[in-house]
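Take a look at the structure below.
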Amino acid sequence: MQSGLYAPLVADGDLLPHDEMEPGTIRPERIPMVSYPYEWCFSQLRDAALLTLRVQRRAMAFGMSLKDASAYNVQFRCGRPVFIDTLSFEPRRPGPWLAYRQFCEHFYAPLLLWSLGDARLARLGQSFLDGVPLDLASTLLPKGSWLRAGPLLHVHLHAAAAARLARRTGARPQVAASGRGIEGLLDSLDRAVAATRWAPDSSWTKYYGADCSYDGDALAQKVEAVTAWIQQVGPTAVWDLGANTGLFSAIAARDAALVVAFDADPACVERMYRDARSSRLPLLPLVMDLGAPSPAIGWANEERMTLEQRGPSALVLALALVHHLAIGNNVPLPAIAAYLARLARRLIIEFVPKSDSMVQQMLAGRDDVFPDYTQEQFEQAFDAHFIIDARQTVGASGRVLFLMTLR
Amino acid sequence: MLPTVSFGLLGAAALMFLLSERSAYAYIDPGMGSLAYQTALSLLLGLGLMLRQSRHAIARFVRRLRGLPAAPDDTQH
């Protein structure tokens, strides 16, 4: 704090504020929902990368430097990234930026794999917790990326140098990189990260659009019922499971202090993040496949929490979700009910009958081995964990909405 | 813009020549090569940044040498 760096970073919202309890002990402000880089969409990772570079540049102006550039040093608060690791700052020493390789592995290589390769490669982040190795990224990126300055300098040549020069050098390079040199490096990284692009597009981003299985009245009825129940519950925090592009998350965000919107489709999460960023809603969208939610990983499986460990939430929305889990993922209804009971105190859930066009699409070309997938069995399964407070049929669609309270 | 891009690509080509791929050993310190690479790269990029930031001053100087009037945006820098 003596460096004078803390105050401007906190004032700009780039650093999480903390209280100094006693010399050497700090208590940072609490983040309401912890998220991990492998749960972020493209623009969240990109914004976190730009924040890290901005913080490093600011630190250098005050004679300080970041000793690491882990993506886990960033969290999302009020719809924007914030740097949380106050202990990463140290007085700047002459020489290279020690966190350069880590920045490339945690941020730039994953962004390139996402934008120039395949969005599904983002899942590598869950396997490589210390960033995607540069030699692997160099192999996976398309050949054309060798012709672009950013990928060439910071991934391909960097990977080749790390392998080749390491064998020649026994100690840290003695040639000190000047402050101007590090500024040039940061400037190059900044422009390279800013140049990454990803255009989200998938069939799921049109779920409530032209391909929607609702007619206009049914959707309006659903919006009206869900809105009324959210206001009735008055939750401080809402988790929207299977949020799609966030229609209901945005409604919940009008009343709740925080809405966490989960979807398995990175394109949907990207749309939600861009919308939330521009509308400044208290919305945190995260990529989460509820068929295989984030596990406990890291050292002793204790460094990164499961989804369940970050709950329960005061209210969970599970709209147009159960048929994906029951029919798409073959999860029995009692198991779905038991899992949601560990995540939610109150629950707004939608049952989608087999007659619905979306379920018919899922059953097309396969045997219907789901005789228990009925509204009666659904209610029986959830009755074991929840009290059903209210139910409402959605127009002529045959879908039914339920408001429930944990027993 | 042009001097920076061409300078960066020329430098990159030189680095590529020096760093042609060889088989990796099983146990190496992955950070040391990166630091050595960064030292060379930051020299290159620092110079590029300096040239980019001073291009208006260089343009002004060249115009003065040629006896040309100052460009309208020169007064802004």
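When restricted to residues that are under 21 Å from residue A:234 (Cα atoms) and either basic (Lys, Arg) or surrounded by fewer than 18 Cβ atoms within 10 Å (Cβ to Cβ) (or both), the stretch A:365-391 contains 5.
When A:81, A:110 are screened for being modelled with pLDDT of 95 or more, in contact with an Asp or Glu (Cβ under 7 Å, 6 or more places away or on another chain) and within 13 Å of residue A:48 (Cβ to Cβ), only A:81 passes. Sub-8 Å Cβ pairs linking a first residue in the stretch A:123-141 that is assigned by TED's automatic domain parsing to the domain that holds residue A:154 to a second residue that is of a type in the set (Lys, Arg) and buried (at least 16 other Cβ atoms within 10 Å of the Cβ), at least 6 apart or interchain, are A:129/A:304; A:134/A:101, ordered by first then second residue.
Taking (1) aliphatic (A, V, I, L, M); (2) within 13 Å of chain B (Cβ to nearest Cβ); (3) more than 27 Å from residue A:274 (Cβ to Cβ) in turn, residue A:66 satisfies each apart from (2).
When the criteria are applied in full, residue A:37 fails the requirement of being surrounded by fewer than 19 Cβ atoms within 10 Å (Cβ to Cβ) and either closer than 24 Å to residue A:112 by Cβ or modelled with pLDDT under 95 (or both). Can you say whether residue A:396 is more than 15 Å from residue A:233 (Cβ to Cβ) and surrounded by fewer than 14 Cβ atoms within 10 Å (Cβ to Cβ), as far as the supplied structure shows? Taking the combined requirement at face value, the residue satisfies it.
Every residue in the stretch A:266-284 that is of a type in the set (Phe, Trp, Tyr) and not in a helix (DSSP H, G or I), please. Walk me through it before giving the result.
Initially, the stretch A:266-284 is screened for residues of a type in the set (Phe, Trp, Tyr), giving A:273.
Once the filter is applied, which keeps residues that are of a type in the set (Phe, Trp, Tyr) and not in a helix (DSSP H, G or I), the stretch A:266-284 yields nothing.
Of the residues in the stretch A:218-239, at least one is outside the structural domain of residue A:122 (by TED's automatic domain parsing), within 22 Å of residue A:328 (Cβ to Cβ) and outside any helix (DSSP H, G or I). If residue B:58 satisfies every condition in (1) of a type in the set (A, V, I, L, M); (2) at pLDDT 80 or above; (3) within 30 Å of residue A:103 (Cα to Cα) but one, which is the exception? So residue B:58 meets the others, but not (3). Has the stretch A:103-113 got any residue that is over 12 Å from residue A:45 (Cα atoms) and hydroxyl-bearing (Ser, Thr, Tyr)? No - not one qualifying residue is present in the stretch A:103-113.
The residues in the stretch A:137-151 that are crowded, with 16+ Cβ neighbours inside 10 Å, in a helix (DSSP H, G or I) and within 14 Å of chain B (Cβ to nearest Cβ) can be counted, and the count is 6. Every condition in (1) surrounded by 19 or more Cβ atoms within 10 Å (Cβ to Cβ); (2) in contact with a Lys or Arg (Cβ under 6 Å, 6 or more places away or on another chain) is met by residue A:403 except one, and the failing one is (2).
Filter the stretch A:344-366 down to the residues that are part of a loop (DSSP other than H, G, I, E, B) and more than 28 Å from the chain's Cα centre (by Cα) and list them by number. Step through it out loud before you land on a result.
Restricting attention to the stretch A:344-366, the residues satisfying the condition of being part of a loop (DSSP other than H, G, I, E, B) are A:352-356, A:364-366.
Scanning the stretch A:344-366 gives A:353, A:354, A:355, A:356, A:364, A:365, A:366.
Taking residues in the stretch B:48-64 that are in contact (Cβ under 8 Å) with a residue 24 or more places away in the chain and away from chain A (no Cβ under 12 Å), and partners anywhere that are surrounded by 14 or more Cβ atoms within 10 Å (Cβ to Cβ) and assigned to a helix (DSSP H, G or I), the pairs with Cβ atoms closer than 9 Å and at least 6 places apart or on different chains are B:55/B:4. Cβ-Cβ distances below 8 Å connect the following pairs, each with a first residue in the stretch A:274-301 that is assigned by TED's automatic domain parsing to the domain that holds residue A:331 and over 14 Å from residue A:249 (Cβ atoms), a second residue that is among the aliphatic types (A, V, I, L, M) and part of a strand (DSSP E or B), and a separation of six or more residues or different chains: A:290/A:241.
For residue A:339, the criteria (1) touching a residue at least 40 places away in the same chain (Cβ under 8 Å); (2) of a type in the set (Ser, Thr, Tyr); (3) under 18 Å from residue A:406 (Cβ atoms) hold in every case but one, which is (1).
Has the stretch A:104-122 got at least one residue that is within 11 Å of chain B (Cβ to nearest Cβ) and buried (at least 18 other Cβ atoms within 10 Å of the Cβ)? Explain how you work it out, then say what you get.
First, the residues of the stretch A:104-122 that are within 11 Å of chain B (Cβ to nearest Cβ): A:104-105.
Now narrow it down to the ones that are buried (at least 18 other Cβ atoms within 10 Å of the Cβ): A:104-105.
Yes.
The values are calculated or read from the model by the stated rules, or taken from the named source; none is laboratory data. Not measured: the values here are computed from a predicted model. Counting neighbours? That spans all protein chains shown, and the Cβs are built from the backbone with ideal geometry, glycine included.
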